Amino acid sequence: MTILVTGATGNVGGAVLDALHARGLPVRALSRGARDWPAGVEGVSGDLGEPSTLSGLADDVDGVFLLAGYDGNATLLEALPATARVALLSSSAAPSGDRTNVIARYNIDAEELVRGSGQPWTVVRPNAFMSNALRWKAQLDEGDVVRGPWGDIAVATIDPADLGEIIAIALTEDGHEGATYRVSGPQQLLPAEQLAILGAALGRDLTWESQTLGETRAELEAQMPTEYVDAFFAFYVDGLIDETTVQSDAERVLGRPPRTFADWARRHAGDFSSA
Ligand SMILES: NC(=O)c1ccc[n+]([C@@H]2O[C@H](COP(=O)([O-])OP(=O)(O)OC[C@H]3O[C@@H](n4cnc5c(N)ncnc54)[C@H](OP(=O)(O)O)[C@@H]3O)[C@@H](O)[C@H]2O)c1
């Protein structure tokens with residue numbers, strides 16, 4: 001049994017790879033560049049935005065993990081053997097059904113493609129990831145204050161390691177075909193509460209400062225097209241998505257409570273060292 005993992009160098013794809021590897025399963029890991037992969041992992045190169053680079057990567061696999069938003073997904077799905085399972089990482093935006101929101105739209109499109117592929121499929125709709133806290137590293141290298149967006153929104157963030165296990169379960173165990181899982185972490189936390197927990201893991205007393213909406217818009221405009229900035233404002237200002245409610249699907253699939261942010265912070269404390 002070989003599983004193709006796209007996004008394999010990322011937070012979630014890397015966790016999928018780890019979870020499959022821990023089960024002793026052969027993995028084919030896709031990256032745009034050359035990488036050193038652990039023994040038992042076959043690294044392949046390809047660009048999900050350039051479907052012509054993906055030929056031959058999916059036609060002999062038993063399953064594939066896909067990220068939403070890439071043209072190459074259709075190419076991979078068409079090449080799969082008929083029984084190969086598909087797990088798609090979608091988003092908390094998909095349930096809104098709002099195609100006027102660019103992020104919701106590409107996730108809805110990806111879900112529709114997978115559901116219409118004829119393959120056995122599972123869709124996972126996660127909340128924001130605990131690993132987003134890594135975005136605070138540059139500020140934490142400079143001092144003990146983190147200034148960031150959406151300070152009044154409590155989010156039940158999810159550990160990418162749990163997403164990796166949920167996806168590995170969906171790809172390798174029976175009973176998950178045709179399921180759409182809405183998954184979160186175990187507790188809703190304001191950014192200031194997450195930062196305090198991270199501070200405890202780092203042995204530092206950290207202070208949160210909320211950006212104004214104007215500051216947030218200016219910062220995001222410098223990073224991404226305006227329609228994406230508008231999409232995030234629709235999520236967190238207009239309330240298009242609900243990432244505050246703790247969802248039950250992760251615990252049901254994992255057979256245990258999802259990991260806490262304190263656990264993520266302990267495991268990733270080293271990622272915040274500036275050495
Ligand atoms: N952060 C959140 O809270 C959140 C919430 C819901 C959904 N998502 C979505 O979840 C996905 C995974 O997140 P993550 O944190 O694991 O991402 P990440 O750590 O930023 O990694 C992104 C991965 O995508 C791969 N990739 C990017 N463009 C590619 C391309 N054109 N062709 C092939 N591979 C490509 C990268 O591979 P190489 O660079 O090695 O080629 C890398 O492995 C993202 O697409 C994100 O939009 C994120």
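Quick notes
- Filtering segment 90-128 to residues that are closer than 17 Å to Ala179 by Cα, among the basic types (Lys, Arg) and either within 15 Å of the ligand (Cβ to nearest atom) or within 17 Å of the chain's Cα centre (by Cα) (or both) leaves only Arg125.
- The set of residues in segment 115-138 being of a type outside the set (Gly, Ala, Ser) and either in a strand (DSSP E or B) or buried (at least 23 other Cβ atoms within 10 Å of the Cβ) (or both) consists of Trp121, Thr122, Val123, Val124, Arg125, Pro126, Asn127, Phe129, Met130.
- Verdict on Arg105 being out of contact with any Cys (no Cβ under 8 Å at 6 or more places or on another chain) and not in a loop (DSSP other than H, G, I, E, B): yes
- Residue, nearest to the chain's Cα centre (by Cα), within segment 21-32, restricted to residues that are within 13 Å of the ligand (Cβ to nearest atom) and without any contact (Cβ under 8 Å) to a residue 24 or more places away in the chain: Ser31
- Hits in segment 67-80 - residues which are part of a loop (DSSP other than H, G, I, E, B) and either aliphatic (A, V, I, L, M) or over 26 Å from Arg125 (Cβ atoms) (or both): Ala68, Leu80
- Count of segment 33-66 residues which are without any contact (Cβ under 8 Å) to a residue 24 or more places away in the chain, part of a loop (DSSP other than H, G, I, E, B), within 19 Å of Ala79 (Cα to Cα) and more than 12 Å from the ligand (Cβ to nearest atom): 2
Taken together, the values in this text are just the output of simple stated rules run on the coordinates, not laboratory data. If you're wondering where the values come from, they're calculated on a predicted model, not measured in any experiment. Cβ atoms come from the backbone with ideal geometry, glycine included; neighbour counts cover every protein chain shown.
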